[in-house]
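The values are calculated or read from the model by the stated rules, or taken from the named source; none is laboratory data. Keep in mind it's a predicted model, so treat the numbers as computed, not measured. Heads up, the Cβs are rebuilt from the backbone with ideal geometry, glycines too, and the neighbour counts pull from every protein chain shown.
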Amino acid sequence: MARRATVIEQNTAESNFLLLVDAGGFSRGMGEISNLKTGYLLKMMLEMEYAAINIGYRDLTAGIDFLDSLRQSYPNTLVSGNIVNAQTRDYIFDPYKILTLDAVNSHHVPYDKLKIGIIGLTDTLNYSHHRTHSSIIPDIEDPVPLAKAWVNKLSRRVDLLVLLFYGKYQTLTTIIESCPQINVAIMGAEYYRAKKSSADEMPLVTATQALGKYADFVEIGLDNNRNIITQDITKIAIRDSVKLNPKIESLKEEYQTKARELVDNRNR
Amino acid sequence: MNILRYLAALLVMINVGMCQNPDKAVLKIGYTNDLLASMDPCG
């Protein structure tokens, strides 16, 4: 992550607007050390200024109470538009986010603000709730009708709509067909099935393929009326020679110390 | 000479005008997925 942070910083300097997102599948699972690792990974992502992180069905294995504590620690970051409390049917996380991005070089841009809507959804595939001592029992609602509902709610309020989706490629295809207002879809889980979109394909569907080895970017050119005129996908190799971001590196060291302490305490 | 000065000034004005009235903005979205399956993200 420390090298990824440097690559992101170096490769976004010339863009006018910048957004960092995660489509889900970040959690390391259940248990003290796994939770510690997930917690530090999230800290690193927040340090890198991720604007939204989608909760995938696999992330729920970390335990809903733990995820809820992360939601409270990092408000307005974790999103899910279809994970609900099984008893109350309330959404556990923010279903969507509306972000107003400020232009970095405002005198080189036709406008200095861009409004982005981000919706998070997950499939129900392979999901089974770990019935532990959680105070909340999560349930995953069908993402297809909910996608339509959230898109209808947001599409007129934003300049661009980004969908973060974790699940089957087939489900994503169904969502996209019923929601033509989505501009960019980033997916996890069946990421290997996300084909590279061509330049004129709408919406642009993408996913990181070689996990951990590249920093991936979508570059979108917008005209005076904020309409998409160009779109491209680029990936930059994260080589060992890349300088480590000192803040992320220091978080990594902090994590390693705490993990060692946990193991030592266990062995006593 | 005056004409040359006038042309030079005109060129500067055109350049400045072009910079101040760009017709395109670029949005860059950095993204990740499945960090769980990637190499140890804390490593």
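Among residues belonging to segment A:1-43 that are among the charged types (D, E, K, R) and closer than 27 Å to residue A:190 by Cβ, point out the one that is farthest from the other protein chains (Cβ to nearest Cβ). Talk me through it step by step, then tell me what you get.
The first filter runs over segment A:1-43 and keeps only residues among the charged types (D, E, K, R), leaving A:3-4, A:9, A:14, A:22, A:28, A:32, A:37, A:43.
Right, trim to closer than 27 Å to residue A:190 by Cβ and you get A:3-4, A:22, A:28, A:37.
Details: A:3: 11, A:4: 8, A:22: 5, A:28: 6, A:37: 5 Å.
It comes out as A:3.
State all residues of segment A:79-117 that are crowded, with 16+ Cβ neighbours inside 10 Å and either free of Cβ contacts under 8 Å to residues at least 40 places away in the same chain or of a type in the set (Gly, Ala, Ser) (or both); if no residue qualifies, say none.
A:80, A:81, A:91, A:93, A:94, A:103, A:117
Here are some residues: A:50, A:57. Which one is closer than 24 Å to residue B:26 by Cβ, hydroxyl-bearing (Ser, Thr, Tyr) and more than 8 Å from chain B (Cβ to nearest Cβ)? Please lay out each step first, then the result.
Details: A:57 fails: closer than 24 Å to residue B:26 by Cβ.
One residue alone meets the criteria, A:50.
So residue A:157 passes all but one of these: (1) over 29 Å from residue A:65 (Cα atoms); (2) within 19 Å of the chain's Cα centre (by Cα); (3) at pLDDT 95 or above. Which condition number does it fail?
If we test residue A:157 against (1) over 29 Å from residue A:65 (Cα atoms); (2) within 19 Å of the chain's Cα centre (by Cα); (3) at pLDDT 95 or above, just (2) comes out false.
Give the residue, chosen from A:226, A:268, that is surrounded by fewer than 13 Cβ atoms within 10 Å (Cβ to Cβ) and not β-branched (Val, Ile, Thr). Talk me through it step by step, then tell me what you get.
Details: A:226 fails: surrounded by fewer than 13 Cβ atoms within 10 Å (Cβ to Cβ).
Answer to the check: A:268.
Which one is surrounded by the fewest Cβ atoms within 10 Å (Cβ to Cβ), of the residues in segment A:9-38 that are touching a Leu at 6+ places or on another chain (Cβ under 7 Å) and in a helix (DSSP H, G or I)?
The qualifying residue surrounded by the fewest Cβ atoms within 10 Å (Cβ to Cβ) is A:32.
Of the residues A:180, A:203, which is at pLDDT below 90 and under 26 Å from residue A:116 (Cα atoms)? I'd like the intermediate steps shown before the answer.
Numbers: A:180 fails: at pLDDT below 90.
None of the others qualify; the one that does is A:203.
Going by what's in this entry, would residue A:102 be described as acidic (Asp, Glu) and within 17 Å of residue A:27 (Cβ to Cβ)?
No.
When only residues in segment A:205-236 that are more than 20 Å from the chain's Cα centre (by Cα) and among the aliphatic types (A, V, I, L, M) count, which is nearest to the other protein chains (Cβ to nearest Cβ)?
A:222
Look through segment A:1-39, keep the residues that are hydroxyl-bearing (Ser, Thr, Tyr) and more than 16 Å from the chain's Cα centre (by Cα), and return whichever of them is modelled with the lowest pLDDT. Step through it out loud before you land on a result.
Applying the first criterion (hydroxyl-bearing (Ser, Thr, Tyr)) to segment A:1-39 yields A:6, A:12, A:15, A:27, A:34, A:38.
Applying the additional criterion that residues be more than 16 Å from the chain's Cα centre (by Cα) yields A:6, A:12, A:15, A:34.
Numbers: A:6: 90, A:12: 79, A:15: 84, A:34: 87.
Going through the qualifying residues, I end up with A:12.
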